Amino acid sequence: MSRIDATFEKLQRENRKALIPYVTAGFPYADITPALMHGMVSAGANVIELGVPFSDPSADGPVIQKAGERALSLGIGLAQVLGMVKAFREKDPTTPVVLMGYANPIERYDQMHGNDAFIRDAVASGVDGVLIVDYPPEECQAFSRKLKANNIDLIFLLAPTSTEKRMQEVADVASGYVYYVSLKGVTGSGALNTAEVEAMLPRIRQHVHVPVGVGFGIRDAETAKAIGRMADAVVIGTRLIQLIEDQPHEKVAAVAADFLRGIRAALDA
């Protein structure tokens, strides 16, 4: 059983929902990420999504794009991200870590370090899941099998525009959880319509038999609580990035933790 599966099983027994914060690795300071991850776990995060900086993102809105550009300017690439996960694992052997990003850095990593080097080094670092925005499920069967053989889950996005056929294609290869993008557009691009989410989740669950997390547009405790009534997990990224982007180094982890404690309390209420 993967750490992600174990986490969701435990939360289900406790009748609680997963809190999944997203942060860009190496933002806002190159060395901050392991401490930031620990701070988020202390505030009640159950899974951490760690963004791999990339120069040409397609799903990220301006806030996360800016964070990625800053991290890239600080020299943060996939090798450094794996090092951050390894450093985090020295003190936390249990909290699942999901790398979220794009195909190019992974394929380039394998070109530089050898076939399947990414999977090998992700295992060694303690990565639990991978969400690659531009890997469609119909082209991922072999990659998915290799990941599963190494106890790493392959996570996919679903959107308001996803067809029944696409949901089934995702269900055939997804593990860990699926991430439902609640808005048409990029991260942070609009107001969340909870009624639309509520209508969509039963359709997704007809096909997908892993937990369903919802993200894009969750910015505060009120919307997190509303989504938590329907979904298995709440994903928060853009608002968290905004809160920490101008903080001095010594306050980054504390500011993130303070925000997440309010979200955790709302989900548990």
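Brief remarks follow.
- Yes/no for LYS251 being under 26 Å from ALA25 (Cα atoms) and modelled with pLDDT of 95 or more: yes
- Qualifying residues in the range 160-179 (those that are touching a strand residue (DSSP E or B) at 6+ places or on another chain (Cβ under 8 Å) and of a type in the set (Ser, Thr, Tyr)) - the one surrounded by the fewest Cβ atoms within 10 Å (Cβ to Cβ): SER175
- Options ARG229, ARG219: the member that is among the charged types (D, E, K, R) and either surrounded by 15 or more Cβ atoms within 10 Å (Cβ to Cβ) or within 27 Å of PHE143 (Cα to Cα) (or both): ARG219
- Scanning the range 23-44 for residues that are surrounded by fewer than 24 Cβ atoms within 10 Å (Cβ to Cβ) and outside any helix (DSSP H, G or I) gives PRO28, TYR29, ALA30, ASP31, ILE32, ALA43, GLY44.
- The residues on offer are ILE244, ILE263, and the sole one that is farther than 14 Å from LYS17 by Cβ and touching a helix residue (DSSP H, G or I) at 6+ places or on another chain (Cβ under 6 Å) is ILE244.
- One residue from VAL178, VAL173, VAL210 being under 30 Å from PHE118 (Cα atoms), modelled with pLDDT under 95 and of a type outside the set (Gly, Ala, Ser): VAL173
- Counting only helices (runs of 4 or more DSSP H) that fall entirely inside the range 48-149 and contain at least 3 residues that are surrounded by 22 or more Cβ atoms within 10 Å (Cβ to Cβ), the qualifying elements are 62-73, 78-89.
The values are calculated or read from the model by the stated rules, or taken from the named source; none is laboratory data. What you see is a predicted model; the values in this text were computed from it and never measured. Neighbour counts are summed over all protein chains in view; Cβ atoms, including those assigned to glycine, are modelled from backbone coordinates with ideal geometry.
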